[in-house]
Amino acid sequence: MNTPTNTSTQAAPLSQDELKTLVGQAALQYVVPGEVVGVGTGSTVNKFIDALGTMKDQIKGAVSSSVASTERLQALGIKVFEAAEVESLSVYIDGADEIDHQGNMVKGGGAALTREKIVAAQSKMFVCIADESKLVDALGAFPLPVEVIPMATARVMRQFAAMGGSAKVRLKDGQPLVTDNGQHIVDVTGLKITDPLQFETDVSQWPGVVTVGVFAHQKAQVCLLGTSTGVKTLTF
């Protein structure tokens, strides 16, 4: 007697790239037709930009947080406005390096944190798009990016050392990385940020700090999280 062969197979888990595509497409539901949309920076946002291209005729255009995103938007035929040309944005859609359960984020892995924070500040809603590996109980495991004026770098690094952190200048091709704003990035490890709002307020006041990569004053209201079972919507 022949024994039946079980041919059923379990679907393979989605790759990180596939999860990014899912959340990028899911973010389209927050885009307001006829308006200008705020667009962030990074690999997950690139998936959103690609999806946005499918409805480019329904929007007025975009305000972008980086040269790289601007070029990608323009390549798809989406008009890009300068931030100063637009009074306010209905929504800003961007990724995060970390996001906690209150919507506070660490951002700046792509070195665009200053422009990201500027665009977020003029937006009525921040929608974060990320995969589930970015959701954390407390911020700080991901190296915290801080954009600094070069002459202040050494002193800012000493101030983080006094807090128990370890800071180093981000390099590119063996030289300090230069941001779109002409500044340097210091990445800080060894911190556990239990009060993101106070931390952001305090570090932002250090002389020479342009922007700290904690987004608590401009935290997310919604997070579209790519999970093994699909897109999970978190609201804060």
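The values are calculated or read from the model by the stated rules, or taken from the named source; none is laboratory data. Every value quoted in this text rests on a predicted model; they were computed, and no experiment measured them. Note that we place each Cβ from the backbone using ideal geometry, even for glycine, and neighbour counts take in every protein chain shown. These area figures cover heavy atoms from the full protein model, side chains too; ligands, DNA and RNA do not enter into them. Shrake-Rupley method; radii C 1.70, N 1.55, O 1.52, S 1.80 Å.
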Quiz item: Considering only DSSP beta bridges whose two residues both sit in the chain, what percent are antiparallel, to the nearest 5?
Solution: 60 percent
Practice problem: Please say if the chain is rounded, prolate or oblate, where rounded means a/c under 1.5 for a ≥ b ≥ c the square roots of the C-alpha gyration tensor eigenvalues, and otherwise the choice is prolate for a/b larger than b/c and oblate otherwise? | Solution: oblate
Self-check item: Gap separating the Cα centres of the stretch 66-103 and the stretch 142-173, nearest whole Å
Solution: 26 Å
Practice problem: Using packing as a proxy for protection, rank 30-41, 89-100 so that the peptide with the highest average count of other Cβ atoms within 10 Å comes first. | Solution: 89-100, 30-41
Quiz prompt | Proximal lysines relative to Lys56, as straight alpha-carbon distance under 23 Å, when same-chain residues fewer than 8 apart are discounted | solution = Lys20, Lys47, Lys79, Lys124
Self-check item: Relative contact order of the stretch 8-61, pairs being alpha-carbon contacts under 8 Å that are 6 or more residues apart, as %
Solution: 42 percent
Quiz prompt | Accessible area in square angstrom per residue, the stretch 109-236, 1.4 angstrom probe | solution = 47 Å²
Quiz item: Hey, could you pull the Cα Rg and Dmax for the stretch 31-107, both in Å?
Solution: 12.4, 36
Practice problem: With θ set to phi - 60°, apply the Karplus curve 6.51 cos²θ - 1.76 cosθ + 1.60 along the stretch 140-157 and write out the HN-Hα couplings as whole Hz, x wherever there is a Gly or Pro. | Solution: x, 5, 6, x, 6, x, 9, 8, 10, 6, x, 5, 9, 4, 4, 5, 4, 4
Exercise. With +1 on each Lys and Arg Cβ and -1 on each Asp and Glu Cβ, and nothing else charged, work out how big the dipole of the chain is about its Cα centre, in Debye to the nearest 20.
Key: 180 debye
Quiz item: How would you order 199-209, 145-155, 216-226 from highest to lowest mean count of nearby Cβ atoms within 10 Å?
Solution: 216-226, 145-155, 199-209
Quiz prompt | Protein accessible area in the chain, 1.4 Å probe - carbon and sulfur % | solution = 51 percent
Exercise. List the pair-distance distribution P(r) of the stretch 100-207, using every Cα-Cα distance, as the percent of pairs falling in each 5 Å bin from 0 up to the bin containing the longest distance, rounded to whole percents.
Key: 2, 11, 20, 25, 21, 13, 6, 1
